[in-house]
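First up is the structure itself, then whatever we jot down about it.
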Amino acid sequence: MNSMLIIGAGEAGVRAAITLRELDSNVPITIVETEKGDPYERPPLSKTGLTDALFEPKSIVTKAQLAEKHIQFITGVFVASIDAQAKQVTLSNHKKLMFGKLLIATGASARTLSFANTSEEDLEHFVFTLRTASDCQRIRSKVLAGQKVVLIGAGFIGLELAASLRAQQIKVTVLETQPRILQRAVPEAVARILHKAHHQNGTEIKLNSSIENVTFDHQAHIKLTSGKQIEADWLVVGIGSIPNVNLAQQAGLAIENGIKVDTHMQTSHKDIYAAGDVCSFPYALTQQRVRLESWRCAQEQAAIAAQNMLGNNTVYDLAPWFWSDQYDLGLQMVGLPEGAAHPVTRTLGTSSCLHFEVNDENQLLSACGIGVGNQIAKDIKLSERLINQRKTVSIEKLADPSFKLKDLLKK
Amino acid sequence: MSNWIEVCPLDDIDEEDVMPFNHSEQTFAIYRCPKGEVFATSGLCTHERIHLADGLVMDDIIECPKHNGRFNYKSGKALGAPVCEHLKTFPTKVENDVIYLELQNL
Ligand SMILES: Cc1cc2nc3c(=O)[nH]c(=O)nc-3n(C[C@H](O)[C@H](O)[C@H](O)COP(=O)(O)OP(=O)(O)OC[C@H]3O[C@@H](n4cnc5c(N)ncnc54)[C@H](O)[C@@H]3O)c2cc1C
Ligand code: FES
């Protein structure tokens, strides 16, 4: 039996289904998704989702469009278990579905903190995370100008939330255990510009700050290990995510910080694939195994998985691309900055720069930029092509704002 | 009846590049293809209404600066997720090294 089954209708699941249909007009395709409604985009949830009074989740594809493509879309039930041997899954309503090939695209869940001695009611009332449209709705219904809110974690979601809540006249404090924001995610030069923007917009960021405990009465009282105490009307925990690997784990698939896949997006079982936030994969440029949370990467990996589920032999070897919007600044990144051999910064003004990393062979490995609006978009796109084409570059030229990156590409 | 609007001198746009142009509350993107010919589309991406003029032109393609949606700027065709709605295109001409855009009078 050659039927295609997909668990999860996020960016990865939907992209895989559509790619499968583009490549094969006959193969039966089914998606199972826990949530009801149309599949939707998550990135706006921390951006316009909190600033736009008329916000509605933006659908990736509608149920009607899926039906038109003869993709069966089962919603409001989840996959409860996978029997890899029998090539069959059991749904929460006890129905069983057989598969020829399976894609696990279950994404990730927001990581939260455990609050000792706290009632369910207090958690419900004071503590939020942000991953789903209903999480966004809960936060929206909480927002009132003049409130004081603490965001735990200066990662992308925490910082985007800070910017969005400032726009709603909320007093925002961000707590971060590390000595700087986005410590592992972006180069220092870019983080510095972003930090300054938060400061100028009135967001207080407390670095090197660990929480001793949190107690609740009519407010949340957050005690730091330094002894300092902070009050908040409510708080949002933004300390990263946990890949939804339970199903895969129970099915006996290899797990390594996510479902372990190879460059074909194939798991340790030959008929089961994984893509998106749930998987860890060997990153082509450095051979390191990584798990990413990137909107476009989820789509690209899913498209590769779909091709291979149909018997092709395609590898995922692209540089991942990521963006974030905070205040009037746009950040974009391509490749994974990891403090590699030769860092180069191109300064473009007080609130804009591009940071490149080049290896010993003069190949560009990553580029990360920040600027007002889409100021750095074009250079990041050109960097993406330079990276993916494994072009050699000159460090002097990368550092020189008057040099056009396009000329390196034409070389 | 047609209506030719003066845009800018041809030299203001590099080959294989794009420029924004505003006219009576409408915004456009004006392109020069690698061979030098001039094209025009509506200015905003059909995904989240971001101006395409900050995007990258490569051959016949404009890539949106925001989430990389791609369009063929000669035909206006959207080339796949996240963009599915096409761009409007508008006729252009170059006379005495000046670019003109044609708007249909309603
Ligand atoms: C608030 C927020 C802002 C973001 N902003 C950006 C950004 O600016 N830029 C960027 O690049 N990325 C951003 N991201 C990350 C991006 O949204 C993710 O990388 C992307 O959604 C991953 O897609 P996915 O399909 O792997 O997982 P998901 O989108 O998480 O989809 C997984 C789906 O699987 C379903 N599922 C899980 N288990 C089961 C089961 N057992 N049975 C059935 N269904 C199941 C879930 O309900 C879910 O719908 C953001 C994420 C969030 C949460
Ligand atoms: S705004 Fe153009 S692709 Fe999203």
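The values are calculated or read from the model by the stated rules, or taken from the named source; none is laboratory data. These numbers come from a predicted model, not from an experiment. Every residue, glycine as well, gets a Cβ built from its backbone with ideal geometry; the counts of neighbours run over all protein chains shown. The area values use the complete protein model at the heavy-atom level, side chains included, leaving out ligands, DNA and RNA. Shrake-Rupley method; radii C 1.70, N 1.55, O 1.52, S 1.80 Å.
Listing for the model above:
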quantity: DSSP-loop GluC sites (Glu not before Pro) across region A:329-411, with at most 10 other Cβ within 10 angstrom; calculated: A:Glu361
quantity: Carbon/sulfur fraction of accessible area - region B:2-104, other protein chains in place, 1.4 Å, %; calculated: 44
quantity: Three-way shape call for region B:55-99 based on the alpha-carbon gyration tensor, with the a/c threshold at 1.5; calculated: prolate
quantity: Cα shape, region A:67-195, gyration tensor, a/c 1.5 rule; calculated: prolate
quantity: Spatially proximal aspartates and glutamates relative to A:Lys378 (Cα-Cα < 14 Å; intrachain offsets below 8 disregarded); calculated: A:Asp407, B:Glu16, B:Asp17, B:Asp54, B:Glu63
quantity: For region A:298-366, the Rg and Dmax computed from alpha carbons only, in angstrom; calculated: 16.2, 51
quantity: Among A:Lys96, A:Lys206, A:Lys148, residue whose mean-square fluctuation peaks in a GNM of chain A (springs only between Cα atoms under 10 Å); calculated: A:Lys96
quantity: Charge dipole (the protein assembly as shown, unit charges on Cβ, about Cα centre) - positive-most of B:Pro65, A:Ala16, A:Ile29; calculated: A:Ile29
quantity: Lysines with Cα under 20 Å of A:Lys36, excluding same-chain neighbours fewer than 8 positions away; calculated: A:Lys58, A:Lys63, A:Lys69, A:Lys95, A:Lys96
quantity: Local net charge near A:Asn117, Cβ-Cβ under 14 Å (Lys/Arg +1, Asp/Glu -1); calculated: -4
quantity: Low-density loop positions, trypsin sites (Lys or Arg not before Pro), region B:3-50 - DSSP coil, at most 15 other Cβ in 10 Å; calculated: B:Lys35, B:Arg49
quantity: Local electrostatic count, A:Asp379, Cβ distance below 10 Å [Lys/Arg +1, Asp/Glu -1]; calculated: +4
quantity: Centroid-to-centroid separation of region A:138-191 and region B:1-28 [C-alpha atoms, Å]; calculated: 40
quantity: Segment A:His70-A:Leu23, extension gain: residue separation times 0.36 nm, minus the distance between their alpha carbons; calculated: 15.6 nm
quantity: Dipole in debye (nearest 20) - chain B, about Cα centre, beta carbon charges: Lys, Arg +1; Asp, Glu -1; calculated: 520
quantity: Long-range Cα-Cα pairs in region A:1-130 (distance over 24 Å), rounded percent; calculated: 41
quantity: Fully extended contour minus Cα-Cα distance, from A:Gln287 to A:Asn208, at 0.36 nm per residue; calculated: 25.3 nm
quantity: Gain on full stretching of the segment that runs from A:Ala80 to A:Thr345 - 0.36 nm per residue minus C-alpha separation; calculated: 90.5 nm
quantity: Viscosity 1.306 mPa s, temperature 10 °C, Stokes-Einstein D of region A:179-252 from Kirkwood C-alpha radius, µm²/s; calculated: 103
quantity: Charge dipole magnitude, Cβ of K and R +1, D and E -1 - chain A, Cα centre, debye nearest 20; calculated: 660
quantity: Contact surface B-A: accessible area buried, both sides summed, square angstrom, 1.4 angstrom probe; calculated: 1800
quantity: Protein-protein interface of region A:355-391, residues with accessible area decrease of at least 50 Å², isolated chain reference, 1.4 Å probe; calculated: A:Asn374, A:Lys378, A:Lys381, A:Arg385
quantity: Selection from A:Leu102, B:Ile5, A:Gly371, by position along the positive dipole direction of the protein assembly as shown (Cβ); calculated: A:Leu102
quantity: Modelled label reach - B:Ser2, point 7 Å along Cα→Cβ, region B:86-106 residues with backbone N closer than 14 Å; calculated: B:90-95, B:100-105
quantity: Net charge over other residues, Cβ less than 11 angstrom from the Cβ of A:Met4 (K, R count +1; D, E count -1); calculated: 0
quantity: Rounded Å value of the spacing that divides the Cα centres of region B:31-106 and region A:62-110; calculated: 39
quantity: Chain-alone versus full-assembly comparison, region B:39-62, residues with accessible loss of at least 40 Å² (1.4 Å probe); calculated: B:His47, B:Asp54, B:Leu56, B:Met58
quantity: Charge dipole magnitude, Cβ of K and R +1, D and E -1 - region A:328-409, Cα centre, debye nearest 20; calculated: 320
quantity: Whole-number percent relative contact order across region B:2-104, with pairs defined as alpha carbons under 8 Å at least 6 apart; calculated: 29
quantity: Burial ranking of peptide ranges B:36-48, A:397-409, A:367-379, A:310-322 (average Cβ count within 10 Å, highest at the top); calculated: A:367-379, B:36-48, A:310-322, A:397-409
quantity: For region A:112-237, accessible area per residue (1.4 Å probe, heavy atoms of protein chains only), Å²; calculated: 47
quantity: Cα gyration tensor shape for chain A, rounded if a/c is under 1.5, else prolate or oblate; calculated: oblate
quantity: Loop-located GluC sites (Glu not before Pro) in region A:221-322 whose Cβ has at most 16 other Cβ within 10 Å (DSSP); calculated: A:Glu256
quantity: Distant-in-sequence amide H partners of A:Ser3 (H built 1.01 Å from N, under 5 Å); calculated: A:Gly100, A:Lys101
